[in-house]
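**Q** Below is the structure I would like to discuss, written out as structure tokens.
The values are calculated or read from the model by the stated rules, or taken from the named source; none is laboratory data. These figures come from a predicted structure and were not determined experimentally. For neighbour counting, all protein chains shown are included, and Cβ atoms are generated from backbone atoms with ideal geometry for every residue, glycine included. Calculation scope for accessible area: heavy atoms of the full protein, side chains included, ligands and nucleic acids excluded. Shrake-Rupley method; radii C 1.70, N 1.55, O 1.52, S 1.80 Å.
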Amino acid sequence: MLLILTVLATALVAVVASRGRLHPLVGGAVGLAGALATSWFFAGCALGGDVIGENTGVQRVLAVAAVLTVGAGLARTVAAVRAGGGTAGDGLLTELRSGMFRTRSWLPWLLLAPTLLVLAVFLYHPAFQTFALSTKLARMGAPRSADVCLSNFAELLVPSPYLVAGLPLAAVALVAGLTLWRARTTAGTGSHTVAAALAPLGPIAVVVALYFVFAPGRTGYRGVYVATVGISLGIVALSMAAGLALAYLVARRFRGASVYRTLLIWPYAVSPPVAGILFFMMFDPTAGVMAHLADVVGLDFPSYRSDGVLAQAAIVLAASWKWVGHNILFYVAALQTVPREIIEAAAIDGAGQWRRFARIVVPSIAPVTFFLLVTNLTYAFFDVYGTIDYLTRGGPSGQTTVAIYEIIRVGVGTGDLGRGAAQSAILFIAVIGLTVWQFRRSEGRITYGGGA
Amino acid sequence: MKNRALCAAAAGTAAALVLSGCTGSSEADTAGDGVVDVWVAFTDDARLGFVEEKAEEFEAAHEGVTVEVQGFDDYETLFQQMQLALDGGDAPEIVHYFEAATREALDAVGPDGEPVFQSVAAATDGREEILGEPVVLDDVVAPAKNYYSVDGEFYSMPWNTSSTIMYGNETLMADAGVDEIPETWQELEDACEKISKLDDGPEACITWPNHSWWMEQAMGQADTDLGNNDNGRSGRATEVELDSDAMVDYLTWWQDLEQDGHYLYTGVQRDWDGTRAAFSAQEVAFLMSSSGDAAAIDDESTDGGYEVVAGRMPYDADTPYGGNLIGGATLWLRSGLDENTTDASLAFLNFFNNPENAAEWHKVSGYVPITDSAVDLLTDEGWFEENPNFKVASDQLDLAADSPASTGVLMGNFVAIRDVVTAAAEDILVGGDDVTERLGAADEEAQQLLDDYELLYSGE
């Protein structure tokens, strides 16, 4: 049932997407890639929930069929473009013809083939494998695997497996559909007004979906979501704010500025586990330097290892310390591009130090801030394993068990490949979603300067 | 047309190149090249160094045999590397697995679907001597032999075998007026009361790692099974019981000890180093740890200027005592080897555990002497009289009735189930969760893991 629904939804998206207005190539590829992905990792569902044993050829046949369909779709699109049908086709044709490869359009593909092949083998194939694994009960070294359809996901998104597994999908589909509708209607018409009026439904659906994910009162994976959001946001906020502040201080000209800069960037060269060990040594409640200093002053140094909030703070601090050098590096470079004339002009006009910083410097370096936001978020989501492992090992009571830590604990530590894959899929979707959202939000608000 | 043909040819070649990389067949390392690969889960000089030294001695005594030792950070890493090595066709002959992975080692199959390991007893086939090395299998101490025997078949060669014992800081004990190392929960509570009244005393009375091994030990002491089918000994364990009365009692006792300020929780699960550091910094008067730490703890006490006395793991005086069980790890012999390699591997295993080597291993580490003749040898030398702390684990194990509970559970996915147990204990200690409720949730979670495992391995 779910399979049919997904295929139908994908087909719908494909049809809508490929109708004239949008690029036929994009439409075809998106639609058919969707079908490929669907047939690949939902193959288990089609066979029923609890099939045991080696996967039959069905899945392979489906995969091959999907590849053939995509191939056929691409061929058709290319043929359409060649024939020059439709406005979009003409557009692409013009675009293609304006380039170097005017007559042999296969040549760029051939030249790109090695790169694409490497990408396909080392990036796309493992990614698809992960999605395929996420629908299975699979263990490292086990003689069999079982198809469990979506229950790996459902476990991460209780209360009701199918409701909640479907909910984020529905939310995404709703948002996409509404956006598409609004984009396709012209301003002023009745349907545009309706579309605009319905627009808040999308975010509401997302909020409802998130509520089920974070809803209080359930154990299990919810703690991981909460820890991930808290710790990641903490790391991003602290390391970016500290990075900007420190960069602003050392970007001035003074004696030995370059030495200071080098020293400040130093922690960036430290690997995450080492950062964990360093803070472990400092904050150790019994043998640590901080405990000793607190003792000298006569204070009682609390143990971060048995207090969840302190433990999260320690992780945020250690991970930000390790990463702040990266942010300083980019901010120092960015600050040097801020036009001096404007700042001087503002100073003459009577703008104070803080006002100049907030109104001129910060907006001028917005592109870098945006770039750093993306890299910091990626760092906070993926690169904190070593720090956490040495500092708290995910404790106390799982309060510093972030998504990546739990993925490695489950997927690698206990060899539960299926559940690990499902968790990585969720993390993958979350990071992609956040990045897309950031791009959307920041469009038009960031000035990239230069000739634009 | 010509262009298309060219394009297709190029694509075809590229695809063939990629695929040829994937189809390279993997051949098992079964050639009788006289190389015995031994993988152990230690990396420290004392323990890995011991194996390397013995390998060299063995090579010197047996011409044409090479023993290559490789160390790994921990059992989990080794376990995974073994899986990868099996797929790659270059697996070692002898592998060091911890006791919790026994069911998984028995169930392990290679890419060809055949069991990965063979029984050392079956491979020995009643021989008294292999390549001139006397066979020690029959000589192995009973608790270890029982643990690693399944359906009457002695599967693997036990090596570093330990039990949980309690170390006491005799200096602090004397200050507080505790004359004897406590043997029961009740005696320990009394001792802790006295220690907490010390002026300038330690931060807490006792600590031990939050490791599932303690819960397993406590179940052994209370003679309660963790799994059905006699703890997985008379058939495959398919039901796990983490919320038994005995388990609730144990965790309630532990939680009370923590809430009274007697137990120091380091805040990290499986924290062997942190707990030991607290003991060596004299922040606690008692430490429960592996008997395999005896040598290191002795050294640390000499440096720190205090005396250490070892005693049994405290048990509940109100419950009939069932017995403590072993921990540690064992050496598995891979199957599918040719006769020469099998014999060389078996000879090494028996040489490794011969009375002299077993006694030496005991002295460098504190792990129990693994054969009865090693015990005799050490007794004759007067070792135990000089080092009574080293005798505690063996004595404690000897007290155990030969019941399934005190032998120890055999269960699939037990490594992951152990994590479920420690997570529950942490919530109970740190979060103050209700013991019965939290154990109920842990039981459900563990049952799911066991069901998954049984589905994949036994197909039921």
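**Q** Can you give the accessible area per residue of the stretch B:273-395, in Å², using a 1.4 Å probe?
**A** Per residue, the stretch B:273-395 has an accessible area of 33 Å².
**Q** How compact is chain B by the rule of thumb for globular proteins, expressed as Cα Rg over 2.2 N^0.38 Å?
**A** Values: Rg = 24.5 Å, N = 460, 2.2 N^0.38 = 22.6 Å.
Normalised Cα radius of gyration, chain B: 1.08.
**Q** Further question: Spelling out what I want: for every residue of the stretch A:346-354, take phi, set θ = phi - 60°, compute 6.51 cos²θ - 1.76 cosθ + 1.60 (Karplus), and round to whole Hz; glycine and proline get x.
**A** Working through the residues one at a time gives 5, 5, 5, 6, x, 6, x, 4, 5 Hz.
**Q** Summing both sides, how much accessible area is buried between A and B? Use a 1.4 Å probe and give Å² to the nearest 100.
**A** The contact between B and A buries close to 2700 Å².
**Q** Let me ask something else about it. May I ask for the Rg/Rh ratio of the stretch B:195-325, computed from Cα atoms with Rh as the Kirkwood radius, given to two decimals?
**A** Working: Rg = 16.5 Å, Rh = 16.2 Å.
Rg divided by Rh gives 1.02.
**Q** If you plug each phi of the stretch A:312-317 into the Karplus form 6.51 cos²θ - 1.76 cosθ + 1.60 with θ = phi - 60°, what whole-Hz ³J(HN,Hα) values come out, in order, with x for Gly and Pro?
**A** Values per residue, Gly and Pro as x: 5, 4, 4, 5, 4, 5 Hz.
**Q** Which one of B:155, B:195, B:181 has its Cα pushed farthest toward the positive end of the charge dipole of the stretch B:103-239, where Lys and Arg give +1 and Asp and Glu give -1 at the Cβ?
**A** B:155
**Q** Here's something else I'd like to know. At what distance in angstrom do the alpha carbon centres of the stretch A:287-302 and the stretch A:323-375 lie from each other?
**A** Here the two parts' Cα centres lie 39 Å apart.
**Q** Please compute the Cα-Cα pair-distance distribution of the stretch B:322-460 with 10 Å bins starting at 0, giving whole percents from short to long.
**A** So the P(r) values, bin by bin, are 10, 23, 27, 25, 13, 2.
**Q** Taking amide H positions as placed 1.01 Å from N in the peptide plane, with prolines and chain starts having none, which residues 5 or more places from residue B:315, or on another chain, fall under 5 Å of its amide H?
**A** B:184, B:185
**Q** First check a/c for the stretch A:221-443, with a ≥ b ≥ c the square roots of the eigenvalues of its C-alpha gyration tensor; if it is under 1.5, answer rounded, and if not, answer prolate when a/b is larger than b/c or oblate otherwise.
**A** Oblate shape, in that a/c is at least 1.5 and b/c is the bigger or equal ratio.
**Q** Right, something else. May I ask you to find the residues of the stretch A:403-433 that are shielded by at least 40 Å² of accessible area once the whole protein assembly is considered instead of their isolated chain (probe 1.4 Å)?
**A** Residues losing area: A:414, A:419.
**Q** Would you mind giving the mean number of other chain beta-carbons within 10 Å of the Cβ of each residue in B:259-270, as a whole number?
**A** Across the residues of B:259-270, the mean count of other-chain Cβ atoms within 10 Å is 4.
**Q** Still on this structure: I need the helices of chain B that pass two filters: whole DSSP H segments spanning 20 Å or more by Cα along the axis, and mean Kyte-Doolittle score no lower than 1.0.
**A** B:414-430
**Q** Peptides A:252-259, A:306-313: what's the order by average Cβ count within 10 Å, highest mean first?
**A** Packing proxy ranking, top to bottom: A:306-313, A:252-259.
**Q** Now, a different point. Once amide H atoms are placed 1.01 Å from N in the peptide plane, what residues at a sequence separation of 5 or more from residue A:139, or on another chain, have their amide H within under 5 Å of its amide H?
**A** Amide H neighbours of residue A:139, under 5 Å, 5+ apart: A:417.
**Q** Here's a follow-up. Taking Cα atoms of the stretch B:70-150, Rg/Rh with Kirkwood Rh, to two decimals?
**A** Details: Rg = 14.3 Å, Rh = 14.4 Å.
My calculation puts Rg/Rh at 0.99.
**Q** Ok, one more. Enumerate the aspartates and glutamates that residue B:194 could reach by cross-link, defined here as Cα to Cα under 17 Å, with residues fewer than 8 away along the same chain left out.
**A** The reachable aspartates and glutamates, counting only those whose Cα sits under 17 Å from residue B:194, are B:170, B:175, B:179, B:180, B:183, B:203, B:256, B:258, B:260, B:283.
**Q** List the residues of the stretch B:276-323 that lose 10 Å² or more of accessible area once all protein chains are present, compared with their chain alone (1.4 Å probe, heavy atoms only, no ligands or nucleic acids).
**A** B:283
**Q** Per residue of A:388-394, how many C-beta atoms from partner chains lie within 10 Å of its own C-beta, taken as a mean?
**A** For this peptide, the per-residue mean of nearby foreign Cβ atoms is 2.
**Q** Could I ask something else about it? What is the log10 of I(q)/I(0) for the stretch B:375-420, computed with the Debye formula using one identical point scatterer on each Cα and no solvent, at q = 0.21, 0.29, 0.30, 0.33 Å⁻¹?
**A** -0.78, -1.00, -1.03, -1.10
**Q** Here is a further query. Would you mind calculating the relative contact order of chain B from Cα pairs under 8 angstrom and at least 6 residues apart, reporting the percent as a whole number?
**A** For chain B, the relative contact order is 24 percent.
**Q** Averaged over B:423-434, how many beta carbons belonging to a partner chain fall within 10 Å of each residue's beta carbon?
**A** Average per residue, whole number: 3.
**Q** Turning to a different aspect of this structure: Averaged per residue, what accessible area in Å² does the stretch A:216-364 show with a 1.4 Å probe, protein chains only? Intermediate values should be presented prior to the final figure.
**A** On the way: 8260 Å² over 149 residues.
Per-residue accessible area for the stretch A:216-364 comes out at 55 Å².
**Q** Give me the lysines in straight-line cross-link reach of residue B:145: C-alpha distance below 27 Å, same-chain residues under 8 apart excluded.
**A** Of all the lysines, those that pass the test against residue B:145 - Cα under 27 Å, at least 8 places apart if same chain - are B:54, B:363, B:391.
**Q** Could you check how much of the accessible area of chain B is carbon and sulfur, as a whole percent, using a 1.4 Å probe?
**A** The nonpolar share, carbon plus sulfur, comes to 46 percent.
**Q** What list of whole percents do you get for P(r) of the stretch A:287-327, with Cα-Cα distances grouped in 5 Å bins up to the one holding the largest distance?
**A** Pairs per bin, as whole percents: 6, 22, 18, 22, 18, 10, 4, 0.
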